[in-house]
Structure formats: structure tokens, C-alpha cells
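Since every read-out is calculated from the coordinates, none of them should be taken as a lab result. These numbers were taken from a predicted model, which means no experiment stands behind them. Don't worry about glycine lacking a Cβ; one is built from the backbone with ideal geometry, like all the others, and counts go over all protein chains shown.
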């Protein structure tokens, strides 16, 4: 099978998780992704928690691996003239330049779109930042918790009621979402460049990606600019679109906004008498009595486990989902059936699972290609492929330009 990006070379100059995750997707699609790291390496290296496994596999950096698998690594001091020149030489023979540098740093190192498109007129120049490369906040560094969850309104919207605390997101949720957005832009720009012969500069940011994930809310809020009201469970408008705890301490989520779902839920949980309660005959009445309804559903669901209720809900044809713990998902039969956790082979630790990208191709070769590289693992190979002699490579190393 052919790989969609076979023959495409990506020069990736970035760190942490957002932009590297885009590079990992491109590598899974078959691109030759060359990760340019500082001499000390990507600061994300060795930042993840140790896995709770045997000693031989415990200290492998699985979290760095998932965003950098299948790439080559070269270490370059881009803050030197020779280092920046070297990156531009790599870009001259590439199809895509991918970075997370703020605009002022791109200009400082001569890696901005205007400069690199002079070097390679067919290049796709792709940038991922916290807030974009223009505007009053373009100077500001941003992580996903600050730019994606904080400034976008997402954290505020996720509070449990108006007095609820701001929640804390798990690592890199916004990063990986923004990475997907950037991949879409890169692939579209690559098509334009191939068809027209003209290079393209594309970008996305954590901020704008987060707003797009809330486009349904913002479609209204952008018009009326009315504050969103975070709702606690007992303030929800529809009882059949809510979340409830079960007897084993695990939770389920219901999402059935249509009116016909109410009698089906009542019958499924044995509260048929609610159907005769005049206070609960329509959505307005149920909203006025939501506190009582939520307490009643909680009381009933406390009599069985989450999975026992799942069997009952399926029989009643309710639309529901289990709230799984992260540790449960790799064992979920549906996750296994769609290949969410394929295995890779590492020469030191053997086989281990990784996380698949959220797209599957029936007749194309798209998959994780191999483990993440060690720091500077491919420096000599990349420079040799660029046409440098062994003497020139040795000189770059002795001058501290390449690690």
C-alpha cells in the first residue's frame, strides 16, 4: 500500500507537544520528518511520569514518544549564523517547514515565511503558536492550559455551576487538537503548492482552535455577547441530557434532548410514576423541578453498577455512554477493535503500545513507523544526505553548531 505523504520531507523546528504532534501525524502518513532540536534537546524530553511497569521499561519516555515517533533528530544551534544557515539549507530541499516559533523569533533567525520562501518558492511554511502571529497578543507565549482552555472561555464554560471552580485539563488536550488543525492546513497548502507551484504560509493557534471547538456556543455568543451560564447537574435544562453517578462510584452520561426520551428513561429506571406527575408533563415543568429529578435518578442509579445500568439502557435503546477511567480505555473492546493502541518495537524495551491518530485509511499505509529518536540520533545521516562531507560535519560539531 502507498503512503499518502511518501516522498514528502518535513523540517520540524519546535518543542513541547502541539506542533510536534502535527509532525507525528505527518510521519504516520509516510513523510520524512526531520526534527531540529537545540543542542540540549527538546525540553519535553524526560518530562513525563515514569510508567508503572517493570524496571526495564519503566524509564522510557512514552509521552515524548507519542508526539515524536517515526522522526529523525538533528541537534542544531540555530542561535548561531552557521546553525540558521544550516536549517535554511535543509529547508531548501524540503516540502514543509513546521515550527512553533513566535513571529519575532522567526524573523530573528531568518526562518520567517518571507525569507524561507525565497530559499524554496514551493515551500509550505506552517506555524503553530499560542495566540497567532499578528495582533496585540502575538508576542505572548502560550500553553494549552493558558491559551486553549483559559483565554478561549473553555475553562469558564466547564465550571460546575456559576460558583464552581475552574477545572484543570489533562496534559496536551489542547495541544493535540491544535496539531490536528495545523495538519489540515498543511495538507491543503501542500495541494495548492503542488498544483500552482507557489509556496504557502499557513498557521493556527491554540486560541483559535479552542474557539472553533466551541463554535456551536460562539455562533450565538458572537451575535448577542451574552455571558454563558455554567450549569450544575441540578440546573440542567433536560434531565435526559445529563450525567449521573452509579452504585459503584462510576458515572454514566445521557444525551437524548428529544421529548420522546423522557418516558423511555422513566420506564428504564423504574420511575414510571413520574409520567403521571402533572408537574413533570413538559420540559418546562421538569426544568422547574430538576433538583428533585436529579436526586431521584441518583437514588435509583445508586442501586446498580455502571455496567449493570449499561445493559438496561441498551435494552431500552437509550443513548448513553460510560464515563471510563483512562486506565479502562486501552482494554475497551471498541478501542481494541478500531486499533486505538497499536504497538511499536524498540530495540531496548521491546514491544509497547502507543496511541493511534484519529483517522484510519482503508487502502493506504498510515501507521506509527517507529519509536521517537534519541537526541541528535540522525545528525550525521541528515547532514550527509544534505551533501556535506565528513570533514565539514566534523567542523560543525567542533564549532558547536551541531551536536
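Structure notes:
- Annotation: the residues 97, 341, sorted from fewest to most other C-beta atoms within 10 Å of their own C-beta, follow the order 341, 97.
- Put simply, when 312-320, 163-171, 182-190 are sorted by average Cβ atoms within 10 angstrom per residue, most first, you get 182-190, 312-320, 163-171.
- Label of the coordinate-derived value, volume of the Cα convex hull per residue in Å³, listed as (1) 130; (2) 181; (3) 206: (2)
- Here the range 290-357 yields Rg over Rh of 1.19, to two decimals, using C-alpha coordinates and the Kirkwood radius.
- Cα shape, the range 156-246, gyration tensor, a/c 1.5 rule: prolate
- In terms of surrounding Cβ atoms within a 10 Å radius of their Cβ, 71, 397, 40 rank from fewest to most as 40, 397, 71.
- Rounded, prolate or oblate (a/c below 1.5 giving rounded, otherwise prolate when a/b exceeds b/c) for the range 1-88 by Cα gyration tensor: oblate
- Candidates 348, 389, 21: whichever shows maximal mean-square fluctuation once the chain is modelled as a Gaussian network with Cα springs under 10 Å: 348
- Ranked by how many other beta carbons lie within 10 Å on average, peptides 133-141, 57-65, 221-229 from highest: 57-65, 133-141, 221-229
- GNM top mover of 180, 206, 281 - the chain, alpha-carbon springs below 10 Å: 281
- Ranked packing of 6-18, 252-264, most packed first, by mean Cβ within 10 Å: 6-18, 252-264
- By DSSP, the beta bridges lying fully in the chain are antiparallel in about 35 percent of cases.
- Estimated 222 nm signal from helices in the chain, with DSSP H stretches of n ≥ 4 weighted -39500 (n - 2.57), rounded to 500: -10500 deg cm²/dmol
- The range 1-52-the range 243-311 distance, computed between alpha-carbon centres (Å): 46
- Candidates 87, 311, 202: whichever shows maximal mean-square fluctuation once the chain is modelled as a Gaussian network with Cα springs under 10 Å: 311
- Volume per residue of the C-alpha convex hull in the range 236-331, rounded to whole Å³: 94
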